[in-house]
């Protein structure tokens, strides 16, 4: 992997899995990424939208890891900075 991250291309079933996981985890936002040839995710987007990586417990991390395996994407939990 070359470190160029893109928004993951998700089908309807994957979107539903992501939304269900948000509710199950109590996460504000889950975003899915995939590796690509060129990066299309601007790092400033996260700070501009007041997002920071959410703190998760071990059980929540395991849930995300299972979701990542099912989706074939990297999934990160974010929360709004207040």
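Summed over segment 1-28, the residues that are loosely packed, with under 11 Cβ neighbours inside 10 Å, over 17 Å from residue 46 (Cβ atoms) and in contact (Cβ under 8 Å) with a residue 24 or more places away in the chain give a count of 3. Taken together, 62, 55, 16 contain a single residue that is modelled with pLDDT of 90 or more and outside any helix (DSSP H, G or I), which is 55.
Taken over segment 65-75, the residue count meeting the criterion of being surrounded by 17 or more Cβ atoms within 10 Å (Cβ to Cβ) and in a strand (DSSP E or B) is 1.
The values are calculated or read from the model by the stated rules, or taken from the named source; none is laboratory data. Being a predicted model, the structure only gives us computed values, none of them experimental. Methodologically, a virtual Cβ is constructed for each residue, glycine included, from the backbone with ideal geometry; neighbour enumeration extends over all protein chains shown.
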